[in-house]
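Notes for the one structure printed next.
The values are calculated or read from the model by the stated rules, or taken from the named source; none is laboratory data. Just so you know, these numbers come straight off a predicted model, no measurement behind them. Please note: Cβ atoms are built from the backbone with ideal geometry, for glycine as well, and neighbour counts cover all protein chains shown. For accessibility, only protein heavy atoms count, side chains too; no ligands or nucleic acids. Shrake-Rupley method; radii C 1.70, N 1.55, O 1.52, S 1.80 Å.
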Amino acid sequence: MNKNYYAILMAGGVGSRFWPVSTTEFPKQFHDMLGSGSTLIQKTFSRLSKLIPQENIFILTNEKYNDLVLEQLPMVNQEQVLLEPAMRNTAPCILYASLKIQKANPDAVMVVAPSDHWIEDEDAFANNLKKCFDFCEKKDTLMTLGIQPTFPNTGFGYIEFDKSDGNSIKRVNQFREKPDYETAKSFLEQGNFLWNGGIFIWSVKSITAAFEKFQPQMSALFLKGNESYNTNNEKNFINLNYANAANVSIDYAIMESAKNVYVLPATFDWNDLGTWGQLHDKLDKDENNNGVINAQVVLENASNNIIRSDASKIIVIDGLHDYIIVDKEGVLLIYPKSKEQNIKQIINEVSKL
C-alpha cells in the first residue's frame, strides 16, 4: 500500500431527489440504497481502501453528519473527518483538504471522489485509479476519470478530449455544460466526449499551484491557516475563515481554466444514483421490470415500477406502470417516474403541511 496515496471522500450532499428516503438529517450516502448490505459511503470507503491506506482517507462533510460518518465508518478517527462549517460548494473544501494533506506529505497524490456513486467492477476502478496516480506522480497535471456515455444524457456535464491523442490518457480540450438532447446526441456521435463523473486525481503540488494561479484570493485565505493544519488550532481557524471563501465548484474554479488537464476514459461500470430512475436501472427486476427493495410485494398488472419499504412490509399493487412507490415512516410516495426531477419541489410543498 503506497503511503503517498490519499483520498478525499465528498459526503456533504443531501440527495433531495431521493426523498423521502434521503433527507437533510439523513442523506442518501448514509443509506443502503440498493439493499446490498452496505451504505453508499461504506461501499465507497471500502473501494478506495483497496488502493489507499485507510488512515489516508479523509471524509469531507457537513458538521451535522459527523456522528453518522463515525458511526458508519468505525475504522476512521475524528481527525479524518473534515467538517465544513458553511456550505461553499466543492472548490473551498478541496483546497482545504489539499493543503492539510500537503503539510503532512508534500509528495502526496490524491483522488477526490463522491461518496454516493455506485461502481460494480471495483478491480477495474482500482486499476484505473492506479494508472491516474502513476501519471500524476510523474507530471504536473490535473486528471479526471471520464465515464463512457451509454446514451445522450442531458443531466451530466461532458468532457471533450483531443480526438487525435492516441494515448490511453487523453488531453482534455474543454469541459461542456449539461447539454440539451440534440447536443448530447451530437456529442455521442463525435465519439470524443465522456460524462464528467466528478472524480479528480492530482498531486497536492499541482492542485495547490492551480489554486494559486486561478483562485489567488481563496488560496491566500486558506494558506493563512497553514501553521494550524494538523494541529489543535485547525478547527478554530476553519470555523473563523471558511465562510469567507467563494461559493464555487472545482470545475468552474480550476478545471475549466487550466491547460494541463487530462482524462482517462473509465473501464468500469458507473452510476451516479442521482434519481430513483437511475437506482431502478441497477436493481434486479422481475419479468415485468419491477425493482423491489426491502419489501414483500404482490403485483398484478404492474410494470417498470420501483418499490421500496423500510420495513419488510407487504405491498400490494394493481394497475400501476412506471411509478416510484416508497413507504418510509410517516410518508408514502406514489409518483410517476417521468416526473422524478420534480421531487425536489415536492419537498417544499410537504414542508408547509
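Miscellaneous remarks
- The amide H of Ile315, built 1.01 Å from its N in the peptide plane, has Gln296, Val297, Val298 as neighbours under 5 Å, considering only residues 5 or more places off or on other chains.
- Full extension of the segment from Val248 to Lys64, taken as 0.36 nm per residue of separation minus the current Cα-Cα distance, would add 64.1 nm.
- Look at the alpha carbon pairs under 8 Å that are at least 6 residues apart: their mean separation over the length of the chain gives a relative contact order of 19 percent.
- Fully extending the segment from Asn304 to Gln54 would add 86.0 nm, taking 0.36 nm per residue of separation and subtracting the current Cα-Cα distance.
- Rounded tilt (10° steps) of 204-214 against the dominant C-alpha axis of the chain: 90 degrees
- Once C-alpha pairs closer than 8 Å and six or more residues apart are averaged by separation and normalised to the residue number of segment 196-353, the relative contact order reads 12 percent.
- Solvent-accessible surface of segment 1-77, taken per residue with a 1.4 Å probe and all protein chains present: 37 Å².
- Of all accessible heavy-atom area on segment 147-275, the percent that carbon and sulfur account for (1.4 Å): 45 percent
- Computed 3J(HN,Hα) for segment 136-141, one whole-Hz value per residue from the Karplus formula 6.51 cos²θ - 1.76 cosθ + 1.60 where θ = phi - 60°, is 6, 5, 9, 10, 7, 8, glycine and proline marked x.
- Estimated [θ] at 222 nm from DSSP helical runs (n ≥ 4, -39500 (n - 2.57)) normalised by residues in the chain, nearest 500: -8500 deg cm²/dmol
- If R0 is 51 Å, the Cβ-Cβ spacing of Ile346 and Asn77 corresponds to a FRET efficiency of close to 0.85.
- In the full protein context, segment 192-243 carries 46 Å² of accessible surface per residue, based on a 1.4 Å probe and ignoring ligands, DNA and RNA.
- Carbon/sulfur fraction of accessible area - segment 32-140, other protein chains in place, 1.4 Å, %: 45 percent
- Linear extension gain, Asn236 paired with Gln217, 0.36 nm per residue minus alpha-carbon span: 4.8 nm
- Given Lys43/Lys100; Lys28/Lys139; Lys100/Lys130, the pairs whose alpha carbons are separated by over 31 Å: Lys28/Lys139
- Gln174-Ser38 pseudo-label distance in nm [points 7 Å out on the Cα-to-Cβ vector]: 4.0 nm
- Label-point gap, in nm, between Asp134 and Leu353 - each point 7 angstrom along Cα→Cβ: 5.5 nm
- The 3J(HN,Hα) values that the Karplus relation (6.51, -1.76, 1.60; θ = phi - 60°) gives for segment 235-244 are, in residue order, 4, 5, 4, 5, 4, 7, 10, 4, 5, 7 Hz. Gly and Pro appear as x.
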